[in-house]
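Worksheet: one structure, shown below.
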Amino acid sequence: MKIYVGNLANSVTDQELNDLFASYGAITSARIIKDKFSGQSRGFGFVEMGDSEASAAIAALNGSEVKGQRIRVSEARPPQERTGGFGGERRGPRTGGFGGRSGGNGGGFGSRGSSDRFNR
C-alpha cells in the first residue's frame, strides 16, 4: 500500500522517513518529494509497505509530531490524469493572433487577413 505523509519539515530526509515507518514493518520505499528546480523538500512524501503494516502505521503516526510539525498520514490517492498546457485540454490546431485567422500575428483592426467582417 502507498502511504501519503504530509506536513513534513523541510529538513526531513528519505532515511528519516524510512526509519519512522520501519518499526511497523518492511518498507518497499520511502521518498520525500522535492522541487525539481531548487531541490528543496515540498513538505510531503510517500512510503510503500504491506497492507496490514501500512494500516497500523497510518493509525499510529497520523497527527504525531516529527521535528516540531504535526504530520498527516493517510492512504495515498491514485494520481490524477494531468492535461498539458495552460488552462487545460488542447482542442485541435492553434489559431494565431488576437482575432485573426490562423498563424502569425494576424489580427487587430484593419490588418490584412484578420477577419472577414473588417475587410468587406
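Scanning the range 59-80 for residues that are outside any strand (DSSP E or B), among the polar types (S, T, N, Q) and either in contact with an Asp or Glu (Cβ under 8 Å, 6 or more places away or on another chain) or within 15 Å of Val12 (Cα to Cα) (or both) returns a single hit, Ser64. Counting the residues of the range 35-54 that are closer than 17 Å to Ala76 by Cα and either assigned to a loop (DSSP other than H, G, I, E, B) or without any contact (Cβ under 8 Å) to a residue 40 or more places away in the chain (or both) gives 5.
Considering only the range 67-86, I want to know if a residue exists there that is modelled with pLDDT of 95 or more and among the acidic types (Asp, Glu). Among the residues of the range 67-86, at least one is modelled with pLDDT of 95 or more and among the acidic types (Asp, Glu), which makes the answer yes.
So that you can scan it fast, the table gives a plain yes or no per residue for (1) aromatic (Phe, Trp, Tyr); (2) assigned to a strand (DSSP E or B); (3) at pLDDT 95 or above:
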| position | (1), (2), (3) |
| --- | --- |
| Val5 | no, yes, yes |
| Phe21 | yes, no, yes |
| Arg31 | no, yes, yes |
| Ala57 | no, no, yes |
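The single condition from (1) touching a residue at least 24 places away in the same chain (Cβ under 8 Å); (2) out of contact with any helix residue (DSSP H, G or I) (no Cβ under 8 Å at 6 or more places or on another chain); (3) among the aliphatic types (A, V, I, L, M); (4) farther than 10 Å from Val5 by Cα that Ala26 fails is (2). For the range 7-19, filtering for residues that are surrounded by 15 or more Cβ atoms within 10 Å (Cβ to Cβ) and part of a loop (DSSP other than H, G, I, E, B) leaves 2.
The values are calculated or read from the model by the stated rules, or taken from the named source; none is laboratory data. Predicted, not measured: the structure shown is a model, and the values here were computed from it. Ideal geometry is used to build each Cβ from the backbone, glycine not excepted, and the neighbour counts take in all protein chains shown.
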